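Encoded as structure tokens, the structure appears first; notes follow it.
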Amino acid sequence: DGFFAGLQMRRADEPEAPVATLTVEVLYGTQTGNAAFLAEQLSASLRTSGLGANLAELDAVGVEQLAKATHVVVVTSTYGEGEMPDDAELFWEALSAEDAPRLEGLRYAVLALGDSGYDDFCQAGKLIDLRLEQLGAVRVAPRADCDVDFEETALAWSADVAAILAAEAPEGAAAPASVPAPVAPARARLPWNRRTPYGSRLAVNRVLSRLGSAKEIRHYELELGDSGIEYAAGDALAVVPLNDPALARRILDRLGLRAGDDADGATLEQRMREDWEIRTPSKDLIAAIAERDPESELAEMVRRDDREAMDSWLWGRDLLDLLEASPGVRFDPVELAGLLRPLQARQYSISSSPLQSPDRIHLTVASVRHGDDRVREGVCSTFLADRLSDDDLVGIYPQPNAAFSVPDDGETPIVMVGPGTGIAPFRGFLHERAESGATGGNWLFFGDQHRATDFVYEEELQELADRGVLTRLDLAFSRDQAEKVYVQTLMRERAAELYAWLEEGASFYVCGDASRMAKDVERALLDVVAQQGGVDADGAAEYLAQLKREKRYVRDVY
Ligand code: 2AM
């Protein structure tokens, strides 16, 4: 009676597991693959300790199926402003419905991944945890909320939960001590990671946008050398930046600290440069400044707990701005170390295909710079753009994104919507389809502010069109006419054709801005389906849900 029996596969080299005495459904919701990876490891640990483990995406599971299970572990990330990851949306819709079935027989635990830089930290995991409880399920272990450096918390939690579940098995499950440390498979699968990134040479750094553009979009090529890194079109690359040393020095000056002071075995300046986020203030740091400068505007907002006012005040301000607004505030090096978050690697969608560029990963990145009096710069985009000399190596590691890939079947048509730097993975897709001889149609919606300055990769796209690879190109340059024209405007104008492509089995991809563009594109898609398919809003929503289930509506949005 395997709930997902088909997924319970045993590799030939795995030892024969004893007959499982208890089966755990290990369900994940993932945006970049971290939650899937952790769920996979947990499943492996459970199996090694003699339990059954069925691994599946949340969206692959119906709530009725959940009602039949005895034990479930949910590992989910959160994306955007507290939203479910794309492969957990359908699950959440069903679980949060008023008529969701009671789950009294179910015992569960939730591991939540998130980023404490956002207000709705770990929101997806929190919601699922609470809803399962409301439906009568019994929590066997407290939820853990992991921040961006999730490894340690996640591994400790997984070991605890594996032990608790093993103890719940009626008999025969191995003692928790035998649960293997899941670190080993992590290394085997991902030889390069945040702690040990591969040092890559930046071979190309070229500006794509033309003079006069509001943006600075660059093309980068990073050498893979002897790293052994393999990648797929649609994957992401993590880049480990270094902070701007001039900014680090200004912050230290402002705090009255000396660059050469010792901070845990390194100089303060070095740690500012390599280890901590010094551009965006952490919540702890904001609270600490407010506490030491109770008369400040910031302190007033913290006291009122006014999120909106705070967000708009913080917009465009960096850590140095906060310190300058509260000039009396001082921290010693130990306090500072406690208040700054670890420097994160930044992830970029890869813009090349391994078939066309096996030895170099290409990135297409907008340099973030704003401010008049003092230019505030994006940490990693300007590290790549400005701060690397020819001898410097850049720390990188791959972040596979198997969900965002060209269809296995080359005959399947694809529709790609990627304005701005959202074009990145689709350049990779087009190269991939060209090199693999895929015959399915390739339709790209691209756009930006102005054709004259922002039409990146114009010649290359033209050439792909001439070769018959790029079957259709629809361009939305929003500011070249009085009325705004966006990618979704063109989708609506081409409704009949777009719907015909979907009906022919096309996959539909979206990449780029999550906060507005991706939402508007989804609305346009729903309208196209309703209008052309002759269905109401519910019918269109179901059509889209079906595309999602078939992995034919996939997004890489941020
Ligand atoms: P705008 O800035 O002229 O309004 C890339 O940034 C492109 O996305 C720009 O042309 C920008 O137009 C456009 N854009 C802004 N908001 C958008 C939205 N909600 N949907 C789609 N495109 C949008």
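Restricting to bridges with both residues inside the chain, how much of the DSSP beta-bridge set is antiparallel, in percent to the nearest 5?
45 percent
Beyond 20 Å, what share of the Cα-Cα pairs of the stretch 396-528 is found? Please give it as a whole percent.
Percent of Cα pairs beyond 20 Å in the stretch 396-528: 44.
For the charge dipole of the chain, defined by +1 on Lys and Arg C-beta atoms and -1 on Asp and Glu C-beta atoms about the Cα centroid, which residue among L58, H370, A299 has the Cα displaced farthest towards the positive pole?
H370
Counting other Cβ atoms within 10 Å, which trypsin sites (Lys or Arg not before Pro) in the stretch 454-524 have at most 12 and lie in a DSSP loop?
In loop regions of the stretch 454-524 (DSSP not H, G, I, E or B), the sparsely surrounded trypsin sites (Lys or Arg not before Pro) are R467, K484, R516.
Along the charge dipole of the chain, Cβ charges K/R +1 and D/E -1, which of L470, P425, Y397 sits furthest on the positive end?
Y397
Taking the alpha-carbon set of the stretch 257-322, what are its Rg and Dmax in Å?
Spelled out, the Cα radius of gyration and Dmax of the stretch 257-322 are 14.1, 40 Å.
Please return the longest range in the chain lying between exposed loop sites, taking GluC sites (Glu not before Pro), DSSP loop only, at most 14 other beta-carbon atoms within 10 Å, and leaving the sites out.
296-410
Calculate one ³J(HN,Hα) per residue across the stretch 202-208 by plugging θ = phi - 60° into the Karplus curve 6.51 cos²θ - 1.76 cosθ + 1.60, and present them in order as whole Hz with x for glycine and proline.
Karplus-based 3J(HN,Hα) across the stretch 202-208 equals 7, 7, 9, 9, 9, 7, 8 Hz.
Where a ≥ b ≥ c are the square roots of the eigenvalues of the C-alpha gyration tensor, would you call the stretch 71-115 rounded, which needs a/c under 1.5, or, failing that, prolate if a/b is larger than b/c, or oblate?
Because a/c hits 1.5 or more and a/b fails to exceed b/c, the stretch 71-115 counts as oblate.
Against the globular-protein guess of 2.2 N^0.38 Å, express the Cα radius of gyration of the stretch 333-387 as a ratio, rounded to two decimals.
Ratio of Rg to 2.2 N^0.38 Å for the stretch 333-387: 1.59.
Output the direction-averaged projected area (hull surface divided by four) of the convex hull of the alpha-carbon atoms of the stretch 433-510, in nm².
5.7 nm²
Could you give the nm distance between label points at A337 and E483, where each point is 7 Å from its Cα heading toward the beta carbon?
6.1 nm
Contact order normalised by length for the chain, with contacts defined as Cα pairs under 8 Å and 6 or more residues apart; what percent is it?
It rounds to 12 percent for the chain.
Name the shape class, rounded, prolate or oblate, that the alpha-carbon gyration tensor gives for the stretch 43-185, where a ≥ b ≥ c are the square roots of its eigenvalues, rounded holds for a/c under 1.5, and otherwise prolate holds if a/b is larger than b/c and oblate otherwise.
Taking the square roots of the gyration eigenvalues as a ≥ b ≥ c, the stretch 43-185 is oblate.
So for the pair R369, R307, with labels modelled 7 Å out along Cα→Cβ, what separation do we get in nm?
With each label point 7 Å from Cα toward Cβ, the separation is 3.4 nm.
Counting other beta carbons within 10 Å of each Cβ, put S353, S507, S282 in order, fewest first.
Ranked by crowding around the Cβ, least crowded first: S282, S507, S353.
Let me know the charge dipole size of the stretch 291-431 about its Cα centre in debye, to the nearest 20, where only the beta-carbon of Lys, Arg (+1) and Asp, Glu (-1) is charged.
Dipole magnitude for the stretch 291-431 comes out near 300 debye.
Under unit Cβ charges (Lys, Arg +1; Asp, Glu -1), what dipole magnitude, rounded to 20 debye, does the chain have relative to its Cα centre?
Roughly 480 debye, rounded to the nearest 20.
Counting other C-beta atoms within 10 Å, and keeping those with at most 14, which DSSP coil trypsin sites (Lys or Arg not before Pro) do you find in the stretch 210-280?
R210, R258
Quick check for me: using +1 on Lys/Arg Cβ and -1 on Asp/Glu Cβ, what's the dipole size of the stretch 434-558 about its Cα centre, in debye to the nearest 20?
340 debye
Could you pull out every one of the lysines with an alpha carbon less than 20 Å from that of K484, ignoring same-chain neighbours closer than 8 positions?
K484 reaches K215, K519.
Please pull out the direction-averaged projected area of the stretch 245-363, using the convex hull of its alpha-carbon atoms, in nm² to one decimal place.
So the mean shadow area of the Cα hull is 9.6 nm².
What order do you get for T153, T421 when you list them from fewest to most C-beta neighbours inside 10 Å?
Least crowded to most crowded, the residues run T153, T421.
Could you name the lysines in cross-link range of K283, using Cα to Cα under 26 Å and dropping any fewer than eight places away on the same chain?
K283 reaches K126.
Is it possible to state the helix-based mean residue ellipticity at 222 nm for the chain, with each DSSP H run of 4+ residues giving -39500 (n - 2.57), the sum divided by total residues, to the nearest 500 deg cm²/dmol? What is it?
Only helices count here, giving -10500 deg cm²/dmol.
Taking +1 at the Cβ of each Lys and Arg and -1 at the Cβ of each Asp and Glu, which of L103, G125, G82 sits farthest along the dipole of the stretch 17-169 towards its positive end, judged by Cα position relative to the Cα centre?
L103
Would you mind calculating the relative contact order of the stretch 217-359 from Cα pairs under 8 angstrom and at least 6 residues apart, reporting the percent as a whole number?
41 percent.
Classify the stretch 38-83 as rounded, prolate or oblate, taking a ≥ b ≥ c as the square roots of the eigenvalues of its Cα gyration tensor: rounded when a/c is under 1.5, otherwise prolate if a/b is larger than b/c and oblate if not.
Oblate is the answer for the stretch 38-83, as a/c is 1.5 or above yet b/c matches or exceeds a/b.
Take every Cα-Cα pair in the chain and report what % of them are more than 33 Å apart.
49 percent
Using each residue's phi in the stretch 126-141, evaluate 6.51 cos²θ - 1.76 cosθ + 1.60 at θ = phi - 60° and report the 3J(HN,Hα) Karplus result to the nearest Hz, with x for Gly and Pro.
With coefficients 6.51, -1.76 and 1.60, one gets 5, 5, 5, 4, 5, 5, 4, 5, 4, 7, x, 5, 10, 6, 8, 8 Hz.
Values quoted throughout were computed directly from the atomic coordinates according to the rules given, and no laboratory measurement underlies them. Predicted model, so just to flag it, every value in this text is computed and none were measured. As a convention, Cβ positions derive from the backbone with ideal geometry for all residues, glycine included, and neighbour counts pool all protein chains shown.
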